[in-house]
Amino acid sequence: MSKQGLKIATIGGGSSYTPELIEGFIKRYNELPIRELWLVDIKEGEHKLQVVGELAKRMVQKAGVPMEIHLTLDRRKALEGADFVTTQLRVGLLDARIKDEKIPLKYGVIGQETNGPGGLFKGLRTIPVILEIAEEIQELCPDAWLINFTNPAGMVTEAVLRYSSHQKVVGLCNVPIGMRMGIAKILGVEASRIQIDFAGLNHMVYGLRVYKDGVDITDQVLEELTNPTNSVSMKNIVNLGWEPDFIKALKVLPCPYHRYYYQTSKMLEEELKAAESVGTRAEVVKQLEEDLFELYKDPHLNIKPPQLEKRGGAYYSDAACSLIHSMYNNIGDIQPVNTKNLGAIASIPYDSAVEVNCVITKDGPKPIAIGDLPVPVRGLVQQIKSFERVAAEAAVTGDYHTALLAMTINPLVPSDTIAKQIVDEMLEAHKDYLPQFFK
Ligand code: G6P
C-alpha cells in the first residue's frame, strides 16, 4: 500500500448514500489517511455524481482533512493503483427495483429488494457487472480488496468467490450493526458493551449468543424481544413484532429480514397495502432520493443531512469504515462480514460465502468457527445458500432453466408454475439489463 496515504475507488459514487461514507472516512481520517477518494459512476449517473461529489468536497473542506475527491466516469482510471475498491451500484437504478417489488405481488408473492424473486433478479442483473469490475481490479490493482455493499451482497460475494480470478473480496452489510445498535438501545447501554455471535448468510443472519461486557445475556435479550415494542428492525422493513412464544422457542435472535420467512403472509399483506397506498419501498425511496438530491444541491450544505437516516442503510458507513480501518491497520478485532466459509459453519459448503464473525486482519477476514447452526434454523440457511448458488450460476451462464430452478427453490415462491410465470414476466421486464439471457 502507498506510503503517502490510501487510494480508494468507490463505484456507484453518485449514490445518495455517499455522504454516509464520506462522514465515516472523515471521522477516522487519523487512523485511515485517505489521500485520494475516486467516486466513479456511469453516464446515466453523471448528474447525481456531480451533485453528491460537490457535497463530498464541501464536507471534506469543512472537516479540514487533506483528502482529494475525484469525480469520474472513467472506471479504469479510478481503479489504477487503488488500495480498496468499494461498490455500491444499482444496475437499472430504482426503476428496476420497483419492478422487482411489484411484479411478484401480482402473483401473490413477496416483492422485495434482496429476497424472493426480486432478490433473484437483482442478482441476475448485478453479478455480471460486479464480475467485470472484479476482473478489472485483478488487472489494474490486484492487491486491492473489493469491499462490496451492492445487493444482494451474499449472492454477489458467492459469485465473486466462485467465478472471479480476483479473490480478495469482502461483502458488507449493515444488518449486524443495526441489530447490535437495536439491542443496545433496548437495554439502554452503549453499543460498545454489546457483542453478538453472528452466523448465517447475508440478510439471513442469526445472533446465536448475545453478551454484555462479555457476560452471556442471550436469555434476557430473547425475553425483551417478546415485547412487540422492543422488536429490532430497519427503516425499510415493517416491524410487526414477533410472536412471543416463537421467539422463546427459537432461542436465537432472528434478523429483520427473517420476517419475510417467518411472517410471510403478514408481510405480503403489508406489502400489498403499501403498494396500494404510499407505494412500494422503492417508490418511497425514489421520492426520498429526489428530496435528498435537492438538499445535496444546496451550496451551503457541508455535512451529511440527517434526512439520510430515513434510509435502510443506517450505520453502513460505520460498518464500512471500521472494516477498512481494521484491514489497513491490521487491528485483529472481530466484525461480521461476508467471506468464504472455510469450515466456520459446518453445514455450509467450505467454499461458499457466509456472513459470520471474523477476525479482521491486513490479510483479510479470518472466519471464526461456530461449529454449526442450531437444527431449527440450519435448513432454511442451507436452502437459501442453494438458492444463491443456483442464482449465481444463472447470472453467469444466462441459462433460462437455471434461473427458473433458482426461482422455484426459493422458499418464498409457492409453486413451479408461479415461478415460471414470474421468471417469464421479469425476464421480459428487465430485458435491457439481462443481455446474457437474450443472446
Ligand atoms: C437495509 C439493508 C441494505 C439495503 C437497505 C435498503 O439496510 O441491509 O442491504 O440496501 O436496507 O434500504 P432502502 O432505504 O433503500 O429501502
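Being surrounded by fewer than 19 Cβ atoms within 10 Å (Cβ to Cβ) and on the phi > 0 side of the Ramachandran plot is a description that applies to GLY5.
A single member of HIS203, HIS258 is of a type outside the set (D, E, K, R), within 16 Å of the ligand (Cβ to nearest atom), in contact with a helix residue (DSSP H, G or I) (Cβ under 8 Å, 6 or more places away or on another chain) and in contact (Cβ under 8 Å) with a residue 12 or more places away in the chain, and it is HIS203. Against the definition (more than 30 Å from THR264 (Cβ to Cβ), open to solvent by 20 Å² or more (accessible area, probe 1.4 Å) and away from the ligand (no atom under 16 Å from the Cβ)), how does LEU55 come out, yes or no? No; evaluated as a whole, the condition is false for this residue.
In the stretch 289-308, the residues that are in the same structural domain as LEU93 (by TED's automatic domain parsing) never reach a residue that is modelled with pLDDT of 95 or more with C-beta atoms less than 6 angstrom apart, at least six apart or across chains. Can you name every residue in the stretch 176-200 that is open to solvent by less than 10 Å² (accessible area, probe 1.4 Å), in a strand (DSSP E or B) and away from the ligand (no atom under 16 Å from the Cβ)? Within the stretch 176-200, ILE194, ALA199 meet the criteria.
Consider PHE198 carefully, then state whether it is aromatic (Phe, Trp, Tyr), over 14 Å from PRO336 (Cβ atoms) and modelled with pLDDT of 95 or more. Against the criterion (aromatic (Phe, Trp, Tyr), over 14 Å from PRO336 (Cβ atoms) and modelled with pLDDT of 95 or more), PHE198 does not qualify. Within the stretch 299-306, does at least one residue satisfy the condition of being over 30 Å from LEU55 (Cα atoms) and away from the ligand (no atom under 16 Å from the Cβ)? No. Of the set (1) open to solvent by 10 Å² or more (accessible area, probe 1.4 Å); (2) free of Cβ contacts under 8 Å to residues at least 40 places away in the same chain; (3) aliphatic (A, V, I, L, M); (4) within 17 Å of THR157 (Cβ to Cβ), all apply to ILE360 but (1).
Conditions (1) open to solvent by less than 60 Å² (accessible area, probe 1.4 Å); (2) in contact with a helix residue (DSSP H, G or I) (Cβ under 8 Å, 6 or more places away or on another chain); (3) under 24 Å from ASN115 (Cβ atoms), marked per residue:
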{"position": "THR229", "(1), (2), (3)": "no, no, no"}
{"position": "LYS235", "(1), (2), (3)": "no, yes, yes"}
{"position": "TRP242", "(1), (2), (3)": "yes, yes, yes"}
{"position": "LYS248", "(1), (2), (3)": "no, yes, no"}
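Per the conditions (1) closer than 30 Å to ALA249 by Cα; (2) touching a residue at least 24 places away in the same chain (Cβ under 8 Å); (3) aliphatic (A, V, I, L, M); (4) open to solvent by 30 Å² or more (accessible area, probe 1.4 Å), the sole criterion not satisfied by VAL381 is (4). Scanning the stretch 284-304 for residues that are surrounded by 14 or more Cβ atoms within 10 Å (Cβ to Cβ) and more than 25 Å from ILE98 (Cα to Cα) turns up LEU301, ASN302, ILE303, LYS304. Look at (1) more than 30 Å from SER415 (Cα to Cα); (2) within 16 Å of the ligand (Cβ to nearest atom); (3) open to solvent by 10 Å² or more (accessible area, probe 1.4 Å) and you find that GLU132 fails only one, number (2). The lone criterion from (1) at pLDDT 95 or above; (2) within 16 Å of the ligand (Cβ to nearest atom); (3) open to solvent by 40 Å² or more (accessible area, probe 1.4 Å) left unmet by GLY279 is number (3). For the stretch 241-327, please list each of the helices (runs of 4 or more DSSP H) lying entirely inside it that holds at least 1 residues being charged (D, E, K, R) and closer than 21 Å to PRO104 by Cα. Correct list: 259-262, 264-276, 281-296. Scanning the stretch 99-125 for residues that are within 12 Å of the ligand (Cβ to nearest atom) and of a type in the set (Val, Ile, Thr) turns up just one, THR114.
The values are calculated or read from the model by the stated rules, or taken from the named source; none is laboratory data. The structure displayed is predicted, hence computed values, not measured ones. We place every Cβ from the backbone using ideal geometry, glycine too, and count neighbours over all the protein chains shown. Ligands, DNA and RNA are stripped out before the accessible areas are found, and what is left, the full protein with its side chains, is counted by its heavy atoms. Shrake-Rupley method; radii C 1.70, N 1.55, O 1.52, S 1.80 Å.
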